[in-house]
Amino acid sequence: MKLHQLRYLAAVAQTGLNITAAAEKLHTSQPGVSKQIKLLEDELGFQIFVRDGRNLSRVTPAGQQVIERAVRILREVQNIKRLSDDLKDESRGTLSIATTHTQARYVLPEVIKAFREQYPEVRLHLHQGTSEQIGEMAALDRIDFAIATGSQSLFEGFSLLPCYRWHRHVVVPKGHPLAKVKKPTLKQLAAHPIITYVFSFTGPSSLHDIFAKEGLVPNVVLTARDADVIKTYVRLGLGIGIVASMSVDPAQDADLVEIDASHLFPAHVTWIGFRRGGLLRKYQLDFMQLFAPHLTRRLIERAAAAATQADVEELVSGLELPVK
């Protein structure tokens, strides 16, 4: 049994039994992956996968146990490499972060600037995407950190630590009928076309559900995942915008009126997540503390060693979160 065989096995499992995708991920050939998996099965004396012609159709019960152990072994190998890297030079390395547009555009710039000043030799990779895309990158072990809001079910095997709370705000052009209304009602919002996020329509706090409780139907004319896009169409007069509070820049959005809507919509919590059981390098710990200063090193390390997300949530219960 060889380490590269376990890597091939894990890659196939993580890519949905797609040998072609696994080969691309590993920068090798499809026949090479197939051959090594077959050699491993021959050595073990049982099948890891059930085959349908040349394709893998499912994992056998015994194969599932092998895959789980292989993934644990590979993580420990990665931990040993990280330990070695820290002992050799804790100021060098790479840091891959996957997050949403709002975090990348409005929250992370100052954090990344401070991090770069502290660790100029660490190469940063910032990936933007939807929660589903971030979850996929996490599942494939392509990132060190995921930063998002909600969608916790997409991040199995990750420890998710709460960073801050935020509310939705309404933005309208100056001169709009709502511009002078400090605390609008849902009925007043429903009287106008609405432009908002796509994610606002999923989960227990969806806009549709909130309006429906008041017997109202929101007139949503446009949805987008980018707050800048929403504000662009608000400026064009297509409707009122409902956006994250931190996505309104007082200087750049001086032509718009921002209205606090925290009395209408529930608060959201943005979290940072990382693979449980992994060894965190010093610069990774420092990045998390720059992003969320209330997360102490001891708390982060205990979350990394936790067995489940439920254990993590017990660790952070009662934690006071800042509001953006």
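The values are calculated or read from the model by the stated rules, or taken from the named source; none is laboratory data. None of the values given here were measured: they were computed from a predicted structure. Cβ coordinates were reconstructed from backbone atoms using ideal geometry, including for glycine residues, and neighbour counts include every protein chain displayed. Areas reflect the complete protein model, heavy atoms only, side chains present, ligands, DNA and RNA absent. Shrake-Rupley method; radii C 1.70, N 1.55, O 1.52, S 1.80 Å.
Given the criteria hydrophobic (A, V, I, L, M, F, W, C) and free of Cβ contacts under 8 Å to residues at least 12 places away in the same chain, does residue 310 qualify? Yes; evaluated as a whole, the condition is true for this residue.
Of the residues making up the stretch 279-292, those that are open to solvent by 40 Å² or more (accessible area, probe 1.4 Å) and at pLDDT 95 or above are 289, 290. Applying the condition of being touching a residue at least 12 places away in the same chain (Cβ under 8 Å) and over 30 Å from residue 294 (Cα atoms) to the stretch 162-176 and asking which residue is most open to solvent (accessible area, probe 1.4 Å) yields 174. Mind checking whether some residue in the stretch 243-253 is open to solvent by 10 Å² or more (accessible area, probe 1.4 Å), more than 18 Å from residue 186 (Cα to Cα), in contact with a Phe, Trp or Tyr (Cβ under 9 Å, 6 or more places away or on another chain) and part of a helix (DSSP H, G or I)? Within the stretch 243-253, one or more residues are open to solvent by 10 Å² or more (accessible area, probe 1.4 Å), more than 18 Å from residue 186 (Cα to Cα), in contact with a Phe, Trp or Tyr (Cβ under 9 Å, 6 or more places away or on another chain) and part of a helix (DSSP H, G or I). If you go through the stretch 50-109 and pick out every residue that is outside any strand (DSSP E or B) and either open to solvent by less than 30 Å² (accessible area, probe 1.4 Å) or of a type outside the set (Ser, Thr, Tyr) (or both), you end up with 41. Do we find a residue being in contact with an Asp or Glu (Cβ under 9 Å, 6 or more places away or on another chain), surrounded by 15 or more Cβ atoms within 10 Å (Cβ to Cβ) and more than 27 Å from residue 273 (Cα to Cα) anywhere in the stretch 35-46? No. Residue under question is residue 258, and the condition is that it be loosely packed, with under 15 Cβ neighbours inside 10 Å and among the acidic types (Asp, Glu); does it hold? No.
Criterion applied to 207, 264, 222 was being among the aliphatic types (A, V, I, L, M), closer than 22 Å to residue 175 by Cα and either modelled with pLDDT under 95 or open to solvent by 10 Å² or more (accessible area, probe 1.4 Å) (or both), and the one residue passing it is 222.
Across the stretch 276-307, what is the total count of residues that are in contact (Cβ under 8 Å) with a residue 24 or more places away in the chain, of a type outside the set (Gly, Ala, Ser) and out of contact with any helix residue (DSSP H, G or I) (no Cβ under 7 Å at 6 or more places or on another chain)? Within the stretch 276-307, residues that are in contact (Cβ under 8 Å) with a residue 24 or more places away in the chain, of a type outside the set (Gly, Ala, Ser) and out of contact with any helix residue (DSSP H, G or I) (no Cβ under 7 Å at 6 or more places or on another chain) number 3.
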